[in-house]
1. Exactly one of (1) at pLDDT 90 or above; (2) in a helix (DSSP H, G or I); (3) surrounded by fewer than 16 Cβ atoms within 10 Å (Cβ to Cβ) is unmet by V128. Its number?
2. Among the residues in segment 76-85, are any over 21 Å from the mean Cα position of the chain (by Cα), modelled with pLDDT of 95 or more, more than 19 Å from T21 (Cα to Cα) and surrounded by 13 or more Cβ atoms within 10 Å (Cβ to Cβ)?
3. Given the criteria hydroxyl-bearing (S, T, Y), at pLDDT below 90 and surrounded by 11 or more Cβ atoms within 10 Å (Cβ to Cβ), does T32 qualify?
4. Take L19 and tell me if it is closer than 30 Å to V134 by Cβ, surrounded by 12 or more Cβ atoms within 10 Å (Cβ to Cβ) and at pLDDT below 85.
5. Looking only at segment 92-125, which residues are within 24 Å of T50 (Cα to Cα), surrounded by 13 or more Cβ atoms within 10 Å (Cβ to Cβ) and among the β-branched types (V, I, T)?
6. Quick check on segment 40-63. Is at least one of its residues of a type in the set (K, R), over 21 Å from T125 (Cα atoms), surrounded by 16 or more Cβ atoms within 10 Å (Cβ to Cβ) and touching a residue at least 24 places away in the same chain (Cβ under 8 Å)?
Amino acid sequence: MLFSLSAVMVLGLTAASPLTTIEHSTQIDHDTGPLTANYHGNITIDQKQTGTITPSGRPSTLRCMWTASVAVTRDARTADGMILRRQFVRENVASGSYAGWCSKNKIAIAESVAKRTPELERHMTALVQDDRNVLLADLDGLRDLARTM
């Protein structure tokens, strides 16, 4: 099993949230022939501004609550060249909060996500394992369909 992880943080001035990608490839032996499955996961960040601005002399209650999700696209190529594509999402793989405005904390949030790369890698591995049975069922369905034709 080949596993490749590349964390690329996009922190440009116009970026609304960081982007981390995780790549994973695996080979599966099936009675229809070998199958190569490539997984591409995008980490997306959702932010929610909470609290209120208070008058001078009182502590502010502003907080930026954030959660990260993994959106995965699987492209599996069968031995005869057919591609089986599936998209799925695992929500809330990481979360946190910072005091103040979300717009002022985007770099801190990006750093928090980058520090959790091993955790995100484990989520991606779990997603690939969960998808294995779905992929095998898809292959069996194609094989059965081909037999009826």
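The values are calculated or read from the model by the stated rules, or taken from the named source; none is laboratory data. Predicted model only: the values in this text are computed from it and were never measured. Cβ sites come from the backbone with ideal geometry, for glycine too, and all protein chains shown count toward neighbours.
1. That leaves (3) as the condition not met.
2. Within segment 76-85, not a single residue is over 21 Å from the mean Cα position of the chain (by Cα), modelled with pLDDT of 95 or more, more than 19 Å from T21 (Cα to Cα) and surrounded by 13 or more Cβ atoms within 10 Å (Cβ to Cβ).
3. Working: hydroxyl-bearing (S, T, Y): yes; at pLDDT below 90: yes; surrounded by 11 or more Cβ atoms within 10 Å (Cβ to Cβ): yes.
Answer is yes for this residue.
4. For L19, the condition - closer than 30 Å to V134 by Cβ, surrounded by 12 or more Cβ atoms within 10 Å (Cβ to Cβ) and at pLDDT below 85 - is met.
5. Selection gives V93, I109, V113.
6. Just the residues of segment 40-63 that are of a type in the set (K, R), to begin with: 48, 58, 63.
Retained after the next criterion (residues that are over 21 Å from T125 (Cα atoms)): 48, 58, 63.
When the remaining residues are screened for being surrounded by 16 or more Cβ atoms within 10 Å (Cβ to Cβ), the result is 63.
If we keep only those that are touching a residue at least 24 places away in the same chain (Cβ under 8 Å) as well, we get 63.
Yes, because at least one residue in segment 40-63 is of a type in the set (K, R), over 21 Å from T125 (Cα atoms), surrounded by 16 or more Cβ atoms within 10 Å (Cβ to Cβ) and touching a residue at least 24 places away in the same chain (Cβ under 8 Å).
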